[in-house]
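Below you'll find the structure, written out as structure tokens, and then a few comments.
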Amino acid sequence: METVNWKVEGMSCSNCALTVGNYLKKEGLQNVKVNLISGDVSFDEIENLKKGSIVKGIESLGYQVQTGESTTTDRNKHFLKNHLQRFFFCLIFTVPLLFHMFDRWIHIHWLMNPWVQLALCTPVYMVGMGFFGKSAIHSIRNGMPNMNVLVAIGATAAFVYSLIGTIFNLGEGYLFYESAAAIICFIFFGNYMEDLSIQSTQRALNSLSKSQKLMANMIAFDDQHQEIVFPVENTQLRNGDLLLIKSGEQVPADCKILWGDASVDESILTGESLPVEKHAKDILVGGSLLADGTVKAQVTAAANDSVLSKIINLVKQAQGEKPPVQLMADKISAIFVPVVLVIAAITFIGNYIFLHQLAPSLMRSIAVLVIACPCAMGLATPAAIAVGLGRAAKNGILFRNAKSLELFKNITQVVFDKTGTLTTGQFTVKDFKIVAANLSEDEFKRIVFSLEKYSNHPIAKSITNAWKTKDEFRWNKIEELKGLGMKAVDKDGNTYAAGSYKISPDRIFNDDHNIYVTKNNVLVGWVDVGDDIRKEAATVIEYFKQKKIRTILLSGDKQDKCAQLAAKLGMDEVIAEQTPQQKLDMVEKLNSQSPTAMIGDGINDAPALAKATIGISMSDASHIAMQTADVVLMDNGIKNLPLALGVGKHTFITIKQNLFWAFFYNIIAIPIAALGFLSPVIAALAMGLSDIVLAANSVRLFVKKVV
């Protein structure tokens, strides 16, 4: 089943996202996801889907839809197409209306004429109702009133009250045209600033997206079989196309080097600024930069299937998800507007009973309507999540879901796999010894190479890479003994074997060495290989110790080797010689004691990664390990593990700060307005600024020290 992906513009609060989502669900669409921050809307395509009617339905709610195929609303034909243009248009008429507030210094008597004020206010009111009023009506029809209902009612009440005073010549006490105009003008400004703030939360994701579209040098051949290089947009590239990539150019698509060497800057994907050396048969990731060198390469993935494209889609998907902390804010946002309408009505009635004056009572109720801000509660969580996920992605950390950001705050212990996680996973020959008489070193290496070249075991591969020779043995028969090693027979009938201590039929060897080599069941020598510790491992473990987070080594390797590694790194606990099932059981047990993160890279780690509170994998891990992990580290190491933990914890801290501000603002501001301490003009300004404060706090996550 295909997924439909659209862009919906005009959503300004969580109620907007809920309105669009509920509409799509009412139309029978499944797996509906609405991302308030980016405006992305997706759902599963169904049979006989009438996209046109769905688009019209969304637009009838007051939003604009871009389907990717065409933009359904040509907004360039609109008289005022964005909040900034609306603000400046309204400001021209609003400023003269506000002059009477400074009548001590400015005396323009004709501006006090009610008919002049009506003429100045009417264009502002019409533009305001064209946006806020239309949106309010559609949201009420849909059963989910949004914040524009409050703005439209407040501005309309002030305008109609003033209009009645003008028609019946009731005097200056009935003229509040400046309030109606200022409410509309300042909230347009607030919406514009809110849009800017939201765009800044998308900064990291936008920088990744810009790297998706670029020109490529495609190689073709003419009828004389001569190479022709011509430019083409990378979105047109397909699997198998040939490319020429020069020094200083961005890699246009995922591809494999056929010819040439290069230094490649992969910082856009991994956060690592140091260039990586690449040679023939190595993979280049689309979006990375050729710092030096020229290569010819073959495309291995089209633009939509590239690593960069998948990263961007993964981050967008995570942004659209709601962590548990947002559920409460969503519930409150859903009933916020009706509650504020009730409070405004009570404010009007209570003040009229107490003051016995219509105008002040109306102004106070209007101030309540205008100052209330459901957007702050709706944006508190998604704004922080967008910044957190963006900063993580920019540094080579991919969160598969937003929930993981929140879960990091509770982690008290981290479980590490050994091979490929704390160690490089790249074995090298550390030592060997020949015990047979009359066997030279070259002959010994030749025997071992000739046996191990037929094995896919990592240890065997490390030996064959180190002792490669063209003068290998020709075996009459060779086989792999599962769990033991390799066994072969030469043309003279001699039997050779290379494997673990179990390779001896009499089990006369111990397990002190990695590979034992025999001829006719007699030991001729042994080989030891080692796996180097990652250079960043000690620093990472020390960081967790400082944060009082327990570190546990959980491995299938031998007890003594694990104990040596753990002691060298200063880890708290060692659990060795575990099968995949035992790893799963152990992580489940640890998880029941306290929230646990696990980091691993192999197929045998996948079940345990799925069971941990947070599963963390590396980009060079097995495919299944990456699929079951909640977090993927793209820099082929654990260097950014502390940063992942820090971003997760501080994102949740920012969410709590945002929610506190949103609730505190509304709890304090609404009573102040109800008691008459704020005019509708100041209330409109305060409402616009509240979202800016919240978004600015979220944007701080880009530069905030989290490690």
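Brief remarks on what is shown
- Looking only at the stretch 408-431, residues that are within 23 Å of Gln317 (Cα to Cα) and surrounded by 19 or more Cβ atoms within 10 Å (Cβ to Cβ) come to 1 in all.
- Number of the condition not met by Ala297 [criteria: (1) touching an Asp or Glu at 6+ places or on another chain (Cβ under 9 Å); (2) buried (at least 18 other Cβ atoms within 10 Å of the Cβ); (3) more than 13 Å from Gly396 (Cα to Cα)]: (1)
- Residue in the stretch 408-427 that is out of contact with any Asp or Glu (no Cβ under 9 Å at 6 or more places or on another chain) and part of a loop (DSSP other than H, G, I, E, B) present: yes
- Selection status of Ile670, β-branched (Val, Ile, Thr), touching a residue at least 12 places away in the same chain (Cβ under 8 Å), buried (at least 19 other Cβ atoms within 10 Å of the Cβ) and within 30 Å of Ser361 (Cβ to Cβ): yes
- Subset of the stretch 449-480 [of a type in the set (Lys, Arg) and surrounded by 15 or more Cβ atoms within 10 Å (Cβ to Cβ)]: Lys453, Lys461
- Some residue of the stretch 417-436 being in contact with a Lys or Arg (Cβ under 7 Å, 6 or more places away or on another chain), of a type in the set (S, T, N, Q) and within 28 Å of Met571 (Cβ to Cβ): yes
For every residue, the table says whether it meets (1) at pLDDT below 85; (2) under 26 Å from Ile385 (Cα atoms).
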position	(1), (2)
Val8	no, yes
Ser12	yes, yes
Cys16	yes, yes
Val20	no, yes
Ser38	yes, yes
Ser60	yes, no
Val65	no, yes
Ser70	yes, no
Asp74	yes, no
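- The lone exception for Ile140 - which of (1) modelled with pLDDT under 90; (2) surrounded by 18 or more Cβ atoms within 10 Å (Cβ to Cβ) it fails: (2)
- Matching residues in the stretch 237-266 - criterion: being loosely packed, with under 13 Cβ neighbours inside 10 Å and either in contact with a His (Cβ under 8 Å, 6 or more places away or on another chain) or in contact (Cβ under 8 Å) with a residue 60 or more places away in the chain (or both): Arg238
- Within the stretch 421-442, being within 21 Å of Asp601 (Cα to Cα) and in contact with a helix residue (DSSP H, G or I) (Cβ under 9 Å, 6 or more places away or on another chain) holds for Thr421, Leu422, Thr423, Gly425, Gln426, Phe427, Thr428.
- Residues that are in contact (Cβ under 8 Å) with a residue 24 or more places away in the chain and either assigned to a loop (DSSP other than H, G, I, E, B) or over 23 Å from Arg534 (Cα atoms) (or both), drawn from the stretch 594-615: Ser594, Pro595, Asp601, Gly602, Pro607, Lys611, Ala612, Thr613
- Residue in the stretch 492-502 that is surrounded by 12 or more Cβ atoms within 10 Å (Cβ to Cβ), acidic (Asp, Glu), without any contact (Cβ under 8 Å) to a residue 40 or more places away in the chain and out of contact with any Cys (no Cβ under 8 Å at 6 or more places or on another chain) present: no
- Count - residues of the stretch 1-47 that are surrounded by fewer than 18 Cβ atoms within 10 Å (Cβ to Cβ) and of a type in the set (Ser, Thr, Tyr): 1
- Here the helices (runs of 4 or more DSSP H) wholly within the stretch 290-404 that include at least 1 residues being free of Cβ contacts under 8 Å to residues at least 40 places away in the same chain are 307-320, 324-355, 358-371.
The values are calculated or read from the model by the stated rules, or taken from the named source; none is laboratory data. Just so it is clear, the structure is predicted and the values come from calculations on it, not from any experiment. Quick reminder, even Gly has a Cβ in these numbers, built from the backbone with ideal geometry, and neighbours come from all protein chains shown.
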